[in-house]
Amino acid sequence: MIDARTEVRLQLSGELDLARVPVLEDGFDAALARTSTGGRLIVDLSAVEFLDCAALGVLIGTAHQAVRRRVSLELTGDSGAVARVLRLVDARGALSAVAALG
């Protein structure tokens with residue numbers, strides 16, 4: 001059995017845009033608070049239909065917070081338009097770079 005504090009899964013859904021930034025920030029803050037040092041925060045994007053640059057900025061900001069807390073941040077379930085956006089901006093590369101700076 002996985003300790004819920006060692007591995008926390010955050011399921012995102014719908015359209016993640018500028019209007020949803022406050023909700024995203026609150027959700028990421030709560031998930032990081034529940035994740036123990038050395039743990040993993042898994043962000044499931046399988047139900048996300050749209051992702052804009054504002055939401056992407058929250059994701060990158062969360063990666064910085066995760067590094068400070070020594071939590072690994074992993075993306076999973078992205079497909080379609082969301083996967084294309086993440087690939088175009090090399091989001092996984094950016095997340096890796098943030099982790100390497102920590």
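Going by what's in this entry, would residue 4 be described as surrounded by 15 or more Cβ atoms within 10 Å (Cβ to Cβ) and modelled with pLDDT under 90?
Here the answer is no, as residue 4 does not meet what is asked.
So is residue 73 farther than 15 Å from residue 14 by Cα, modelled with pLDDT of 90 or more and touching a helix residue (DSSP H, G or I) at 6+ places or on another chain (Cβ under 6 Å) or not?
Against the criterion (farther than 15 Å from residue 14 by Cα, modelled with pLDDT of 90 or more and touching a helix residue (DSSP H, G or I) at 6+ places or on another chain (Cβ under 6 Å)), residue 73 qualifies.
Can you tell me which of (1) surrounded by fewer than 17 Cβ atoms within 10 Å (Cβ to Cβ); (2) assigned to a strand (DSSP E or B) is the one residue 93 doesn't meet?
(2)
I'd like the residue in the stretch 24-50 that is part of a loop (DSSP other than H, G, I, E, B) and of a type in the set (Gly, Ala, Ser) and, out of all such residues, is nearest to the chain's Cα centre (by Cα).
39
Which one of the conditions (1) more than 14 Å from the chain's Cα centre (by Cα); (2) within 24 Å of residue 97 (Cα to Cα) does residue 14 fail to meet, given that it meets all the rest?
The failed condition is (2).
When residue 83 is evaluated against the numbered criteria (1) surrounded by 14 or more Cβ atoms within 10 Å (Cβ to Cβ); (2) part of a strand (DSSP E or B); (3) not β-branched (Val, Ile, Thr), which criterion, by number, is the only one it fails?
Exception for residue 83: condition (2).
Hey, does the stretch 57-65 have a residue that's in a helix (DSSP H, G or I), free of Cβ contacts under 8 Å to residues at least 40 places away in the same chain and surrounded by fewer than 12 Cβ atoms within 10 Å (Cβ to Cβ)?
For the stretch 57-65, residues in a helix (DSSP H, G or I), free of Cβ contacts under 8 Å to residues at least 40 places away in the same chain and surrounded by fewer than 12 Cβ atoms within 10 Å (Cβ to Cβ): absent.
Mind listing whichever residues of the stretch 58-70 are at pLDDT below 95 and under 11 Å from residue 16 (Cβ atoms)?
Within the stretch 58-70, just 59 meets the criteria.
If a residue has to be of a type in the set (Gly, Ala, Ser), exposed (fewer than 15 other Cβ atoms within 10 Å of the Cβ) and out of contact with any Gly (no Cβ under 6 Å at 6 or more places or on another chain) to count, how many in the stretch 25-53 make the cut?
Number of matching residues: 4.
The values are calculated or read from the model by the stated rules, or taken from the named source; none is laboratory data. Note that the structure is predicted; figures quoted are calculated from it, not measured. Backbone-built Cβ (ideal geometry, glycine too); neighbour counts: all protein chains shown.
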